[in-house]
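Novice: Below you'll find the structure I mean.
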There are 2 protein chains.
Amino acid sequence: MKNDYTKSQQEMATLFKALGHPARVAIMEHLLKIDACIVGDIVDELPLAQPTVSQHLKELKNAGLIKGSIEGNTICYCVNEKGIEKLSNYFSGFHSKLNKQENKCC
Amino acid sequence: MKNDYTKSQQEMATLFKALGHPARVAIMEHLLKIDACIVGDIVDELPLAQPTVSQHLKELKNAGLIKGSIEGNTICYCVNEKGIEKLSNYFSGFHSKLNKQENKCC
DNA sequence: TTTCTATATTGCAATATTACGATATTGATT
DNA sequence: AATCAATATCGTAATATTGCAATATAGAAA
């Protein structure tokens, strides 16, 4: 019982946590699929009520995984590349270290 | 309010959720760092009591992110490459789609 | 300016997660 | 056999997440 978590560990955990719900994975994929950053028809794509979707969007935004901009009456969300980049980098680093490692057990 | 989540969305969410806690990120990184699949000295690396660490290890194992093998009195955990591969593939796909997309707003 | 439409916020119930002390389990040591 | 060491499981308290109805907000349309 010793070390506290590093800042990086905490940041990564926050990102992962934000994706740790199928609704939020679905939102990310939908934002990626429809090339335009279409808005609240995300609600129509999910088996959830509008306030619940709004809540999930907020979590994704707080985690830095999406961005939203107001467009008149409407809000336009899209993927925040920075967040994706962090995740993608993390795993490529992880993966390359894994290859160098010879598993001594398991 | 329409579609249910796909199997893939659910699977990915499960993987992300498993990493959505700094202790579990720290465990993964530690297993990667010490080339050998060292055991319960993970407990000494974390600011948590042994039962709590055990619980986190179980979650990671259930999610398919680590493997454990009994070694006499001891248990040897190590990273499960399959899980990492899934995550790493997911993001590289995601990332390459992102590049093709011209953000119309945001 | 009233009404409509899109979205966010609030309040709250149901459920899940996190942490840990106490205890169980199992192989190793004596 | 008795004890020790490493780990898992159980029970439970504290906290966080999820989902939604009701309501608020703010720009657009009438």
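The values are calculated or read from the model by the stated rules, or taken from the named source; none is laboratory data. Since the structure is predicted, the reported quantities are computational estimates derived from the model, not experimental observations. Quick reminder, even Gly has a Cβ in these numbers, built from the backbone with ideal geometry, and neighbours come from all protein chains shown. Accessible surface areas use protein heavy atoms only, side chains included; no ligands, DNA or RNA. Shrake-Rupley method; radii C 1.70, N 1.55, O 1.52, S 1.80 Å.
Novice: Using only atoms on other chains, find how many Cβ atoms lie within 10 Å of each Cβ of peptide B:81-92 and report the average.
Specialist: 4
Novice: Roughly how crowded by other chains is peptide B:25-35, in terms of the mean Cβ count from those chains within 10 Å of each of its Cβ atoms?
Specialist: Rounded to a whole number, the mean comes out at 5.
Novice: Around residue A:61, under 13 Å between beta carbons, what's the net of Lys plus Arg minus Asp minus Glu among the other residues?
Specialist: +3
Novice: Specify the angular offset, from 0 to 90 degrees and rounded to the nearest 10, of the alpha carbon long axis of helix A:22-33 from the longest principal axis of the alpha carbons in chain A.
Specialist: Roughly 70 degrees, rounded to the nearest 10.
Novice: So if I place +1 on the C-beta of Lys and Arg and -1 on the C-beta of Asp and Glu, and nothing else carries charge, what would the dipole magnitude of chain A be about its Cα centre? I want it in debye, nearest 20.
Specialist: 640
Novice: When N counts the residues of chain B, how does its alpha-carbon radius of gyration compare numerically with 2.2 N^0.38 Å, as a ratio?
Specialist: Its radius of gyration relative to the 2.2 N^0.38 Å reference: 1.32.
Novice: Calculate how steeply helix B:81-100 sits against the longest principal axis of the alpha-carbon atoms of chain B, using the helix alpha-carbon long axis, and give the answer as 0 to 90 degrees to the nearest 10.
Specialist: So the helix axis and the longest Cα principal axis differ by about 20 degrees.
Novice: Let me ask you something else. Taking a probe of 1.4 angstrom, what is the accessible area of residue A:90 in Å², to the nearest 10?
Specialist: Counting only protein heavy atoms, the figure is 40 Å².
Novice: Based solely on its DSSP helices, what 222 nm [θ] is calculated for the protein assembly as shown when runs of n ≥ 4 H residues each add -39,500 (n - 2.57) and the sum is averaged over all residues, nearest 500 deg cm²/dmol?
Specialist: -18000 deg cm²/dmol
Novice: Starting with the highest mean, order A:62-74, B:57-69, A:19-31 by the number of other Cβ atoms within 10 Å, averaged over the residues of each peptide.
Specialist: In decreasing order of mean packing, A:62-74, B:57-69, A:19-31 become A:19-31, B:57-69, A:62-74.
Novice: Considering the dipole of chain B built from charges on the beta carbon (Lys and Arg +1, Asp and Glu -1) around the Cα centre, which of B:76, B:25, B:96 is farthest to its positive end?
Specialist: The residue sitting farthest along the positive end of the dipole is B:96.
Novice: State, as an integer percentage, the relative contact order of chain B based on alpha-carbon contacts under 8 Å between residues 6 or more apart.
Specialist: 24
Novice: Between residue B:44 and residue B:82, what is 0.36 nm times their sequence separation minus the Cα-Cα distance? Round to one decimal in nm.
Specialist: On the way: separation 38, 0.36 × 38 = 13.68 nm, distance 2.69 nm.
Length gained, residue B:44 through residue B:82: 11.0 nm.
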